[in-house]
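Enquirer: This is the structure I want to talk about, given as structure tokens.
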Amino acid sequence: MATDALQRLRDAITSVYMGNTAAADRVIVCLLARGHILVEDVPGVGKTVLASALARSIECTFARIQCTPDLLPSDIIGITIYDRESKEFQFKPGPVFHNVIVADEINRTTPRTQSALLEAMSETSISVDGNTYPLPQPFMVVATQNPYEFEGTYFLPENQLDRFLMRISLGYPAPDDEARIIEMQPARTTLTQLTPVMTSAEVAALQERTDDVRMDPALVDYVIALASATRGNDDLQVGVSPRGALALAQAARATAVVHDRDYCVPEDIVSNVIPVCAHRVISKTYMHAGDTLSARRIIQQVLETVPSPA
């Protein structure tokens, strides 16, 4: 059953990441929805551990990209070089040609390098020197970043943020979880011993099941109503785009699969509105999508004013 496979995946992730268990569920939803996730929080709360735990729990290839200010686009997508023996140019693929990409501290590299991931995240392909190379499936980017006020960071461009299905924060662990972290040191011990609990074929099957989840026309209208309410909101300069509405619907379908249903209910939409939509809007008081708190507040107000289907 799908629930058994997903429970194994959840148990594997939480055996290493001993913090906000809801964050593990968000990551799984993004995986099923064929989406990418941005994990934002202060250093030391387990962002990289969470991302690496997902990558190691699936029988897929994965690569970790440590983003730095001197990182170049070719360091991510690859480069074409001349082979003296064959006397031909050959493309040497970069780390983006893996199933799961962990882009650690993505906002420490320049916007030019950040944009190297745009085509990969949107089209699951890479274009180099006039040639297009498909990326392996399944494909997912799990990016982490520190808050913008930390030294040596760059704003993520709005079009880059829009490619992430969700943006989440982890928060600090509960005292009991923090005690387990101190005692077990999972990043040094358990993480290195983690073995895959789900094959790539199982992931692909669950993604196809997600696509087949039924969404009642009333729920489709609800998603559109939420998106329209942000576009007409007096506090927002930019509202949720059609891509954002599509992402919300897909996240709702994935949430239904996690709960072993083949149909959506209103709660599947409501539970995903803030993580899916808050990073896609820009408030009038702060002209950048990095205004996390203000955006979340406004999206919450929209959620409370738009009636949910019975």
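Enquirer: Compute the FRET efficiency between GLU158 and ASP260 as 1/(1 + (r/R0)^6), taking r as their Cβ-Cβ distance and R0 = 41 Å, and round to the nearest 0.05.
Expert: For GLU158 and ASP260, the calculated efficiency is 0.70.
Enquirer: THR110 versus THR305, label points 7 Å from Cα toward the beta carbon: distance in nm?
Expert: Distance between label points: 4.2 nm.
Enquirer: Indicate the gyration tensor shape class of region 212-310 (rounded, prolate or oblate), computed on the Cα atoms with a ≥ b ≥ c the square roots of the eigenvalues: a/c under 1.5 is rounded; otherwise a/b larger than b/c is prolate and the rest oblate.
Expert: Here region 212-310 falls in the prolate category.
Enquirer: Something else now. Would you mind calculating the relative contact order of the chain from Cα pairs under 8 angstrom and at least 6 residues apart, reporting the percent as a whole number?
Expert: 22 percent.
Enquirer: Full extension from TYR82 to ARG243: what is 0.36 nm times the residue separation minus their Cα-Cα distance, to one decimal in nm?
Expert: That works out to 54.0 nm of additional length.
Enquirer: For the chain, with the dipole built from +1 on Lys and Arg beta-carbon atoms and -1 on Asp and Glu ones, taken about the Cα centre, which of ILE106, GLN90, LEU9 lies farthest toward the positive end?
Expert: My answer, from the dipole projection, is GLN90.
Enquirer: Here's another thing I want to ask about it. Full extension from TYR133 to GLN66: what is 0.36 nm times the residue separation minus their Cα-Cα distance, to one decimal in nm?
Expert: In short, 21.8 nm is gained.
Enquirer: Also, quick follow-up: Sort 48-54, 75-81, 103-109 by the packing proxy (mean of other Cβ within 10 Å over each peptide's residues), most packed first.
Expert: In descending order of packing, they fall as 48-54, 103-109, 75-81.
Enquirer: Further question: Starting from the Cα-Cα distance between THR124 and THR195, subtract it from 0.36 nm times their residue separation and give me the gain in nm to one decimal.
Expert: Roughly 23.0 nm would be gained on extension.
Enquirer: Shape call for the chain from the C-alpha gyration tensor, a ≥ b ≥ c root eigenvalues: rounded (a/c under 1.5), prolate (a/b greater than b/c) or oblate?
Expert: Here the chain falls in the rounded category.
Enquirer: Would you work out the relative contact order for region 178-310, in percent, from Cα pairs under 8 angstrom that are 6 or more residues apart?
Expert: Once divided by the residue count of region 178-310, the mean separation gives 25 percent.
Enquirer: Shifting gears a bit: Does anything in region 42-78 have its amide N under 17 Å from the 7 Å Cα→Cβ label point of ASP11, and if so which residues?
Expert: Correct set: 54, 57-59.
Every number here is computed from the coordinates shown, using simple stated rules; none is lab data. None of these values were measured; they are calculated from a predicted model. In this analysis, Cβ positions are derived from the backbone assuming ideal geometry, glycine residues included, and neighbour counts consider all displayed protein chains.
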